[in-house]
Amino acid sequence: MATESDSSLDTEEFRTAVLDVYNAGGLLAWLRDQGYTRANKQFDQLLQTLADLHNSQALNILQPIFAGELECLTGRDFFLIQDVYCHLIPNLKADADELMDAVQKLVYAGGQDLAANDPNSAFRDWLGNHPDQTNQLLERAEAGTNSDFPLLTFVLEAGARFSFERYHSAALRLLSSTRLEFRLAAVIALSRIPTLPDMSKHQETVGALAKQVLATEDNNERTSSVASLLHVHAQDVANETELVIEAIKFAISQPTDGLHFILAQRLAQHYKVLSLEVQQLIIDALGHSNPAMKGVVDQLDFAFSQCITDDNRQNIADCVRQLLNHPEHAVDIGELESFCHRLSAEKPQLLAWLVICWLRFGDHRSREALPVLFRRYHETGLTLDWPLREFALSDEELVFVCKKAIGYFLIDARSAASVLIACIDAAQTDETAQSIASLLFDPLMLNYSGQAREYIEPESKKKRPRQKFLKSAVKQHDDYLADLRSVGKIPELWPSAAERQIQGERQRALFSQSFAEAHSESSLLNFVSRQTLLNGEGSVSYYRDYGGNHHRSETMLSSHGTSMEVPRYEAVDPLYFQYLIFLLRNETFPE
Amino acid sequence: MKLLIKEYLSSLKERGELDAILPDLLSEMGLHVFSRPAVGVRQHGVDLAAVGVDGDGQRKVFLFTVKAGNLTRQDWNGTTQAVRPSLDEIQDSYVRQRIPKQYAELPVAICICVGGDVDQNVDGDLSAYEDRYTKDGVEFQRWDGDRLANFMLTAVLGENVVSGEARSYFRKSVAMLDEPGASYGYFAEMLQKMRGEIGKRQKDKIRFVRQLNLCCWVLFVWAREADNIEAPYRCSELALLWGWHFTAEHLGKSSRQAKEMQNAMTSLIELHINIANAFITEKVLPHADKRDGLATAVNSSFALDVNLRLYEILGRLALTGIWLQFVKNRASGLTEEIEARAEAELVSYTDGLVQILNQNGILRSPRLDSHAIELSLVGMFLAMRSRYDVISDWMGQVLAASLFALQFNDAYPCILTEYGELAAHPKARSDKKYFENVTAGSTLYPTLMIWQKIANKSAEFTDASAAINEILPHCTMQLWVPNESSEAHLYLHDATHGLAVVGLEITPSGDDILQIVFEECRHNETRFNSLSAVKLSFWPIILVACRHHRISVPLNFWRDLSPLNDASA
């Protein structure tokens, strides 16, 4: 391994060495081994020397690529050398076709890595530096060559930088080419060729792309056209035309996984500028996407997390609901990680709106998803402000919402209680308030004397129009608990020691199993090494530093625990508990 | 052992306890009791009178005045009901006029009988009284706790009548009262030991029953002190069955020994009813109206424990209610006041039962198929009280809940009996073999349907029958009847007996199953009536046996409740 030095490169020595290795074969590996990559302090000199050698035809720097030397390089090593090429290419004197071949090989060798396409950018820069050759390539494409022309996009893109009119027009013409790859190249290039501030060119591009969407019968082409259309349109949406809307609607009517991916991607990128109508079209379309395509779900998740507002929340709610109910690949709300995080961490009002929306108008899957959102929200320690007035719910609807809240939030009694109290406050009649208040006692506080009561009792002390109903619920609970306490001890009813032992052992086995499963699924615990202490409340360990010196480290143990409140019905009437949840969840609102 | 007995004696109450065990003790000592304690006031100072040979070899008349606990100054001469006035009354009235003619010539021993000791500050006065009033033909004896314990140990629980091993099991049973399961286990072992030691004579069987009575009393009194009478409830229930098994063949006769046997058995039955009544009235009924009160009192966070315990309470309450109704129906010559009190108690039982059903929802969902026994007991008691509305309503809820549990695989009724297996029940429904095994047979669903039909002739089971036939096509629906073997094994449950009535079809109307049941009632009538408990009109004992040994209640008990009777009579 060569060591770096501060002294400048001995160019002659380097040249000689390069040529020797080049002639013997193995130049790329040698460059890697010698550290002649970007980290080298003389990198610029190295590049210049290599470029000079190539341009003076002392060697063909592209030859090692065709000789298969890339195959000896993997992982980081490959990308180090690829990076060298990306710096070299723009300044090389080379035959365009040969260079395109080399670039394609470099891109192919990069695989699925995000950096794999970097050589394309280098080639584009080369095109920009060699306008004559660029023009020749364009002429060849316009002449209708039958040979492959995979990098035509970059030709158009690069050419537009030095000859906008010619290349822009060429791209527009190529939209009508008989060759699919040319049309695709044109579509993509048009999304990259900047037209503004020339509004007429901009409109021309938008119009052409819209027509392309409407005209093509190829799904991939249509998807690419939509992608380009939205990208270009987003640069100036002020003059949104019917044609744009029509094109989007048409594309949506021919759904594919690729289209959904692009729609989600563009929504995430351009939601700030896209009109509400376009956003809504896209969101509604995404409701029909295939959740089995993880990429689509990820894009959609990110898009919704960014773009959700009061204006499009209904569309997003409906879209997510469709995905949750997909007949074959139903999405789990937890898969929409970004969306959930955004709602619970930054948009509590939207979260609250979504909860009420789904409680009243949702379905089983969407309501089932709500506690997941809550769990994250509770970690913030804040309480939600329920926007019941926005929905203008009737008393019957309020009772319905309360029952659904209990049916789905029963494990999260605090959240259910807050919904019920908000509904009591919003109720129009005392009868409705009383009806809801009775639910506060039974089943909420009756089951959760801890978390539900801790929330409801302080609320019952606050001045509000219907305070008496909350107080009454708390009083009912007090009376219930007083009755239970008055029973005292009846040892004749107690389980025997043997029975308690059996239950105890079962519980221990269950907890032990859960613990082991959690342990095996924890990436942290699988990453760290484990030590078992037999005695003591802490540990002492020694480690060596780089100088070989011992250092002492003392760590005290601390306890970590969690608690959960089990509903009372689990012990005193579990079947009724299940039946109650079943009833509450399955009750439908008479529309 | 003596200390154990002595402690027990000192804890006995006067009325209904100390004076209840004395007659048996005296009989076992060879004395003939010719006057027993009566409810209410002493008979001229005498609580109990007997005749027999004393320790000095002389045949005497023994007149007992009984006092619970220690004899204090207050008890000696503090009230009109105190001992000294009673002794005066005995001498002034009873000795002169009340001794039966055939014993008139015999010397009289006036016995001051206390469960504990004579206090030192009374001893002097009592001695002086004894000195003053002892004369020819009249003497005074002190029967304190120590002396009574000695008599018990020699006459009833002596080594010559009960083996050391049996006595050891009894001691362990008492020692483990706070762990009722263990106490009951030792008591059952004691019975097995004693079984091998019972002689063939009627006298031996009478003694055996008296021994059971005494043992149960000791358990009860000790348990009462510990405020946990679970062990004596279970032990006395078992003792009652054992006692019946060994004496039933003689009870219907009119000989003197048969009468003694009847008295001994009656005492044992009364003791068990008293224990049961104490449990129900002191521990259960006061909390019947509290929502989830009894369920919470189980003091367990496991629904299985709550379910099993509450069904146990239900069965005991219903069975005790049946006993009380049975006793009331048989009693004759009761004053209005006593009859009203008895009826009030039954009303309290009925209302309490209904409240418990309403306030403890877990009773809608039986975990064991054998909870059909408790359901039948409840049905019988409520039928005796003409509460068909409750029968119809509650049985309907139980049926609906059981089917819901089946459909949702949530602790549905099963035939498992081991606690460990029940704790793990149910397994996933995908384990088809497990499901079919644990629901292979059922008495529960037929029982529920029949009770509903009895309570409401027009009851329909369209949904229930569809669900049952869909989910439980493999299940043998059945009921049970006794056969010729049952008399020998019903009370001790030492062998399988009886017949399962199978092939019961669950149909929407329920009429088919009803017809089979009452057809079988007619067919089995002779066998059922031949059971000693039926013959001797003590049929609740069959229910005790069924509840205790977990045997299905014979369908014969529906005989008089048939809604088809009008047409089929």
*Output yes when any residue across region A:577-587 is open to solvent by 60 Å² or more (accessible area, probe 1.4 Å), away from chain B (no Cβ under 14 Å) and within 30 Å of A:Arg453 (Cβ to Cβ), and no when none is.*
yes
_Residue, farthest from the chain's Cα centre (by Cα), within region A:126-181, restricted to residues that are under 21 Å from A:Thr205 (Cα atoms) and of a type in the set (Lys, Arg)_ = A:Arg166
*So is B:Ile454 open to solvent by 40 Å² or more (accessible area, probe 1.4 Å), closer than 25 Å to B:Asn524 by Cβ and under 32 Å from the mean Cα position of the chain (by Cα) or not?*
no
_Selection status of A:Asp284, surrounded by 21 or more Cβ atoms within 10 Å (Cβ to Cβ) and in a helix (DSSP H, G or I)_ = no
*Output the qualifying pairs, or none if there are none: Cβ atoms under 8 angstrom, residues six or more apart or on different chains, first residue in region B:1-14 and part of a loop (DSSP other than H, G, I, E, B), second residue charged (D, E, K, R).*
B:Met1/B:Arg167; B:Met1/B:Arg171
*Considering only region A:134-175, how many residues are open to solvent by 50 Å² or more (accessible area, probe 1.4 Å) and assigned to a helix (DSSP H, G or I)?*
11
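Report yes if A:Asp310 is out of contact with any Asp or Glu (no Cβ under 7 Å at 6 or more places or on another chain), in contact (Cβ under 8 Å) with a residue 12 or more places away in the chain and in a helix (DSSP H, G or I), otherwise no.
no
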*asked:* With the requirement that a residue be crowded, with 17+ Cβ neighbours inside 10 Å, more than 29 Å from B:Glu460 (Cα to Cα), touching a strand residue (DSSP E or B) at 6+ places or on another chain (Cβ under 9 Å) and within 12 Å of chain A (Cβ to nearest Cβ), what does region B:400-424 give you?
replied: B:Leu422
*Taking region B:300-343, which residues are touching a Leu at 6+ places or on another chain (Cβ under 7 Å) and at the interface with chain A (Cβ under 9 Å from one of its Cβ atoms)?*
B:Leu304, B:Arg309, B:Leu310, B:Ile313
*B:Gly69 is checked against (1) free of Cβ contacts under 8 Å to residues at least 40 places away in the same chain; (2) surrounded by fewer than 21 Cβ atoms within 10 Å (Cβ to Cβ) and fails just one. What number does that condition carry?*
(1)
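Which helices (runs of 4 or more DSSP H) sit wholly inside region A:1-113 and have at least 1 residues that are within 30 Å of A:Glu139 (Cα to Cα)?
Ranges flagged: A:43-55, A:63-66, A:75-88, A:96-109.
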_I need the full set of residues from region A:537-591 which are in contact (Cβ under 8 Å) with a residue 60 or more places away in the chain, touching a Leu at 6+ places or on another chain (Cβ under 7 Å) and among the charged types (D, E, K, R), in order please._
A:Arg568
*What number of residues in region A:412-430 are crowded, with 23+ Cβ neighbours inside 10 Å and modelled with pLDDT under 90?*
2
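Across region A:519-534, what is the total count of residues that are open to solvent by less than 60 Å² (accessible area, probe 1.4 Å) and small (Gly, Ala, Ser)?
The qualifying residues number 1.
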_Residue selected from region A:462-494 under the condition within 20 Å of A:Leu439 (Cβ to Cβ), among the basic types (Lys, Arg) and assigned to a loop (DSSP other than H, G, I, E, B), by the criterion nearest to the other protein chains (Cβ to nearest Cβ)_ = A:Arg466
*Working only within region A:401-411, note down all residues that are open to solvent by 10 Å² or more (accessible area, probe 1.4 Å) and modelled with pLDDT of 95 or more.*
A:Lys403
*Going by the structure shown, is B:Ala278 in a helix (DSSP H, G or I) and farther than 22 Å from B:Leu319 by Cβ?*
no
*B:Lys253 being out of contact with any His (no Cβ under 6 Å at 6 or more places or on another chain) and either in contact (Cβ under 8 Å) with a residue 40 or more places away in the chain or within 14 Å of chain A (Cβ to nearest Cβ) (or both)*: no
*With A:Leu274, A:Leu267, A:Leu259, A:Leu243 as the choices, which residue is open to solvent by 30 Å² or more (accessible area, probe 1.4 Å) and either in contact (Cβ under 8 Å) with a residue 12 or more places away in the chain or not in a helix (DSSP H, G or I) (or both)?*
A:Leu243
*Counting only residues that are in a strand (DSSP E or B) and more than 16 Å from B:Asp144 (Cα to Cα), which one in region B:50-66 is most open to solvent (accessible area, probe 1.4 Å)?*
B:Arg59
*Exactly one of (1) in contact with a Phe, Trp or Tyr (Cβ under 9 Å, 6 or more places away or on another chain); (2) more than 18 Å from A:Arg192 (Cα to Cα) is unmet by A:Thr134. Its number?*
(2)
*Determine whether region B:473-496 contains at least one residue that is open to solvent by less than 30 Å² (accessible area, probe 1.4 Å), among the polar types (S, T, N, Q) and within 32 Å of the chain's Cα centre (by Cα).*
yes
*For region B:224-246, which residues satisfy the criterion of being among the aliphatic types (A, V, I, L, M), buried (at least 24 other Cβ atoms within 10 Å of the Cβ) and within 14 Å of chain A (Cβ to nearest Cβ)?*
B:Ile229, B:Ala231
*Search region A:71-90 for residues being more than 16 Å from A:Gly35 (Cα to Cα) and buried (at least 21 other Cβ atoms within 10 Å of the Cβ), and hand back the single one that is nearest to the chain's Cα centre (by Cα).*
A:Cys86
*Under the condition of being hydroxyl-bearing (Ser, Thr, Tyr) and touching a His at 6+ places or on another chain (Cβ under 9 Å), which residue from region A:287-345 is surrounded by the most Cβ atoms within 10 Å (Cβ to Cβ)?*
A:Ser289
*Inside region B:265-291, can you point out the residues that are open to solvent by less than 10 Å² (accessible area, probe 1.4 Å) and at the interface with chain A (Cβ under 7 Å from one of its Cβ atoms)?*
B:Phe279
_Residue under evaluation A:Ala497, criteria (1) surrounded by 11 or more Cβ atoms within 10 Å (Cβ to Cβ); (2) away from chain B (no Cβ under 14 Å); (3) not charged (D, E, K, R), criterion not met_ = (2)
*For A:Glu537, are the conditions met, namely being more than 30 Å from B:His287 (Cβ to Cβ), more than 8 Å from chain B (Cβ to nearest Cβ) and either among the aromatic types (Phe, Trp, Tyr) or surrounded by 10 or more Cβ atoms within 10 Å (Cβ to Cβ) (or both)?*
no
_Given (1) assigned to a helix (DSSP H, G or I); (2) polar (S, T, N, Q); (3) open to solvent by less than 40 Å² (accessible area, probe 1.4 Å), index of the condition B:Gln141 fails_ = (1)
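The values are calculated or read from the model by the stated rules, or taken from the named source; none is laboratory data. Fair warning: this is a prediction, and the values are worked out from it, not measured in the lab. A quick note on method: Cβ atoms are made from the backbone with ideal geometry, for glycine too, and the neighbour counts reach across all protein chains shown. Keep in mind that these areas ignore ligands, DNA and RNA; they rest on the heavy atoms of the full protein, side chains included. Shrake-Rupley method; radii C 1.70, N 1.55, O 1.52, S 1.80 Å.
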